[in-house]
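Below is one structure, written out as structure tokens; comments come after it.
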Amino acid sequence: MSQRRTQLLTAIPPVAMMLLVIWQVGLGHPWGKHPMSNGNVIGWTIFLWLIYLRLMTVKLVTEVRPGELFVAMRGLWRAQRIPWSSVQSARQVTFNPVRDWGGYGIRSTVKGKAYIASGTEGAQLELSGGALLLVGSQKAAELVRAINRQRR
């Protein structure tokens, strides 16, 4: 699923609530058998728009640093630092975010953990103990080369 499509699907709840505000508050037509108060409709609409805007500003940040790989979903979750000593191998992979990892974001499955913001390429690291860590990247080959340089 493309990032644009994800943004559009994520916008459905706040847009629907905005339409409800127009219908109920603006035009004076209560919606449903037991309608929410106008204050609640407005409050929920504001809340959903704030959540939507927050999600649209989240950014995957990956930094190859001396001694560690730094991965974070800025604006959503704290960072993970992976010391080079725990990385057994790194390779470029192509994947399907929904089929292989259950979607975008920070995903944990039985096979490992994934940080996916968009796209279908990334660096897959095999960590000590056999766990996998997938880091989605628009420049996967470059990321894998940088990781392998640091590991030596």
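The values are calculated or read from the model by the stated rules, or taken from the named source; none is laboratory data. These figures come from a predicted structure and were not determined experimentally. A quick note on method: Cβ atoms are made from the backbone with ideal geometry, for glycine too, and the neighbour counts reach across all protein chains shown.
Tabulated values for the structure
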item	result
Count of residues meeting criterion [modelled with pLDDT under 90 and among the acidic types (Asp, Glu)] in the range 98-126	0
Qualifying residue in the range 75-97 (condition: in the same structural domain as Ser128 (by TED's automatic domain parsing), part of a helix (DSSP H, G or I) and either more than 20 Å from Arg151 (Cα to Cα) or touching a His at 6+ places or on another chain (Cβ under 8 Å) (or both))	yes
Whichever residue in the range 55-64 is outside any loop (DSSP other than H, G, I, E, B) and in contact (Cβ under 8 Å) with a residue 40 or more places away in the chain and, among such residues, is surrounded by the most Cβ atoms within 10 Å (Cβ to Cβ)	Leu60
Leu9 being out of contact with any helix residue (DSSP H, G or I) (no Cβ under 9 Å at 6 or more places or on another chain), loosely packed, with under 12 Cβ neighbours inside 10 Å and closer than 28 Å to Gln138 by Cβ	yes
Given (1) outside any strand (DSSP E or B); (2) surrounded by 12 or more Cβ atoms within 10 Å (Cβ to Cβ); (3) free of Cβ contacts under 8 Å to residues at least 12 places away in the same chain; (4) not acidic (Asp, Glu), index of the condition Tyr52 fails	(3)
Leading residue by the ranking (surrounded by the most Cβ atoms within 10 Å (Cβ to Cβ)) among those in the range 107-148 that are in a helix (DSSP H, G or I) and without any contact (Cβ under 8 Å) to a residue 12 or more places away in the chain	Arg145
Options Arg91, Arg74, Arg99: the member that is among the basic types (Lys, Arg), touching a residue at least 40 places away in the same chain (Cβ under 8 Å) and under 22 Å from Ala117 (Cα atoms)	Arg91
